[in-house]
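Structure first, then comments.
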Amino acid sequence: MALVFRTAVQSVGLSLSLLGWVLSCLTNYLPHWKNLNLDLNEMENWTMGLWKTCVIQEEVGKQCKDFDSFLALPAELRISRVLMFLSNGLGLLGLLLSGFGLDCLRIGERQQDFKKRLLILGGILLWTSGVTALVPVSWVAHMTVLEFWDESIPEIVPRWEFGEALFIGWFAGFALVLGGSLLQCAACSAPAAPPSVHYAVPEIQDHCQQLELKHTSPETSA
């Protein structure tokens, strides 16, 4: 019963982690971290991501342009690029390690301790990947709020607002954190591996020899 429950927890944790990793990769490349709606021209909307800005017009459609220089970007966008790349890499590595450490996998059945370590390490990497994805999303959201309520900017100037990618990134980060935590809990709840037969047999033989010596010692004294 414990094995079935542990396998179910591992499956749920890995599924959540996989979903969170896919969504974090999608968040990295979506140009919808910020939205800008122009009151003077309601038929024109601007969006901004980590890699490009886009303008959506009803007559022309959607047109996007990549950022010309990495160093010319604001600090939150530059660091967010690095953190999102790091999150995607850690998530992929965590998924691979966790997959090889699952109990339902036939590979390495005789090396349960090694599979347990793989599962714990994979869970830690997935948890770190989730935190690394939450930091840039929350930072960009915080800077957007500060700029939106900045009193030094005239009211006529349009303000950037939250884009859809921020909400996807928050969901992805929490899914990775929850999935990694479930994998770690499942690995830590696994029972310890039984002692090896090669060590158990000599111990039994030594015990039998001690019993024989105890029985023969009274006879020799008599």
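Since every read-out is calculated from the coordinates, none of them should be taken as a lab result. All figures in this text were calculated on a predicted structure; none of them were measured in a lab. Virtual Cβ from ideal backbone geometry, glycine too; neighbours counted across all protein chains shown.
At-a-glance table
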{"read-out": "Ordering of 176-188, 82-94, 153-165 by burial proxy (mean other Cβ atoms within 10 Å per residue, highest first)", "value": "176-188, 82-94, 153-165"}
{"read-out": "Cα-Cα separations in the range 1-112 greater than 16 Å, expressed as whole percent", "value": "71"}
{"read-out": "Residue-span extension gain [Cys104 to Val82] - 0.36 nm each, minus C-alpha spacing", "value": "4.4 nm"}
{"read-out": "Dipole magnitude (debye, nearest 20) for the range 9-105, charges at Cβ of Lys, Arg, Asp, Glu", "value": "380"}
{"read-out": "Protection proxy ranking of 27-34, 58-65, 7-14 - average other beta-carbon atoms within 10 Å, highest first", "value": "27-34, 7-14, 58-65"}
